[in-house]
Amino acid sequence: MANSRAFSEAGIEGNEGSLKNGLPSTTVWKDFMALIKVGIVNSNAITTFTGIWLALHFTGKGFFHNLDIVFFTLVGSSLIIAGSCSLNNYIDRDIDHLMERTKSRPTVTGKVKPVMVAIMSFAFISGGTLLLLLTTKTAVLIGLVGVFSYVVLYTLWTKRRFVSNTIVGSISGAVPPLIGWAAVDANLDPMAWVLFLIMFIWQPPHFYALAMRRAEEYRAAGVPMLPVVKGFKVTKIHTYVWIILLIPLPFLLPALGTPFIAFATLLNLGWIAVGVYANKFKDDIKWATLMFVYSIQYLTILFVAMVIVTLI
């Protein structure tokens, strides 16, 4: 949702097209994709699906016998995430013009009326909630917690006030696999909470890297991201600490097997190794870029691997 604020800069920024009047020319479809932050929606669909898949696998329920649950959950969660993201755009339209990566959003350019964005946002959230109601009440509750944490706790409260905004925003970004699991098994096995922790802890190092690359833009917009407030050196230290916190988590998933634990551990150590290697360039932006790219690949590979090991 939030921070699962995504996922790739291409999905978040929406700066496609050739320049016209200093801004990229866009189509209605591209504007819509930028409005809902399609990169975030897509990345969360991956983690939601993994939650669904593992819940079906470990509860002994067949995947093809529960395609309705899979459909309702994926579409429902995607709708509430898209609605939350467009609502974020609606709220932040007063500062988005100050940042290169957000200045071409339709809420900034005026191509879409703010009231229409608000109506669409609540319609998506309502529609997604109704679809999740066709699964379990627990999935609905978790989905709404994600919406509240992203829109209220992150966007309205902490984003412009506290350097801890990234950590607060990580709550919403961590709920998709919980939604997926809860849609199948409302009791939420401990494994589901480990997936939540992986998502929660992954987000700070991911977004710290992005914030380093866009530090001056965040500074101009008055958003107190860690690199803006504490500097790059402190941000790097925090990044390593969060990655280290990921290292024990694969060992809490013994049901996925020793090969998976070993593979996930290598991914975690690899992330640290990339940071150490990138230091040799003596370029903080290049360091942040390599760490950002690795973080994207890390999450996709890890969650896909969770599905693959259950098929072997």
Exercise. Do any residues in the range 232-256 that are part of a helix (DSSP H, G or I) and at pLDDT 95 or above have Cβ atoms under 9 Å from those of residues that are acidic (D, E) and crowded, with 19+ Cβ neighbours inside 10 Å, where the two are at least six apart or on different chains, and which pairs are they?
Worked result: F232/D284; K233/D284; T235/D284; K236/D284
For this session: Looking for whichever is over 30 Å from E217 (Cα atoms), at pLDDT 95 or above, open to solvent by 60 Å² or more (accessible area, probe 1.4 Å) and in a helix (DSSP H, G or I) here; the options are V304, V276. Which one fits?
Result: V304
Exercise. List pairs: first in the range 77-97 and open to solvent by 30 Å² or more (accessible area, probe 1.4 Å), second of a type outside the set (V, I, T) and not in a helix (DSSP H, G or I), Cβ under 8 Å, 6+ apart or cross-chain?
Worked result: R93/R105; H97/K103
Exercise. Which one is modelled with the highest pLDDT, of the residues in the range 1-32 that are among the charged types (D, E, K, R) and open to solvent by less than 30 Å² (accessible area, probe 1.4 Å)?
Worked result: D31
For this session: Among what's in the range 165-220 and is of a type in the set (K, R) and in a helix (DSSP H, G or I), pick the residue that is nearest to F58 (Cα to Cα).
Result: R213
Exercise. Within the range 152-170, which residues are surrounded by fewer than 20 Cβ atoms within 10 Å (Cβ to Cβ) and not hydrophobic (A, V, I, L, M, F, W, C)?
Worked result: T158, R160, R161, S164
Problem set entry | Among the candidates V228, V184, residue that is open to solvent by 10 Å² or more (accessible area, probe 1.4 Å) and within 19 Å of F49 (Cα to Cα) | V184
Exercise. From the list F263, F292, which one is of a type in the set (F, W, Y) and over 28 Å from R101 (Cα atoms)?
Worked result: F263
Exercise. Quick check: anything in the range 86-101 at pLDDT below 90, among the polar types (S, T, N, Q) and within 23 Å of Y218 (Cβ to Cβ)?
Worked result: no
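From the list L56, L35, L67, pick out the single residue that is at pLDDT 95 or above and buried (at least 22 other Cβ atoms within 10 Å of the Cβ). Spell out how you get there, then give the answer.
Working: L35 fails: at pLDDT 95 or above; L67 fails: buried (at least 22 other Cβ atoms within 10 Å of the Cβ).
One residue alone meets the criteria, L56.
The values are calculated or read from the model by the stated rules, or taken from the named source; none is laboratory data. All of these numbers come straight from a predicted model, not from anything done at the bench. Note: ideal-geometry Cβ built from the backbone for every residue, glycine included; neighbour counts use all protein chains shown. With ligands, DNA and RNA removed, areas are computed over all heavy atoms of the protein, side chains included. Shrake-Rupley method; radii C 1.70, N 1.55, O 1.52, S 1.80 Å.
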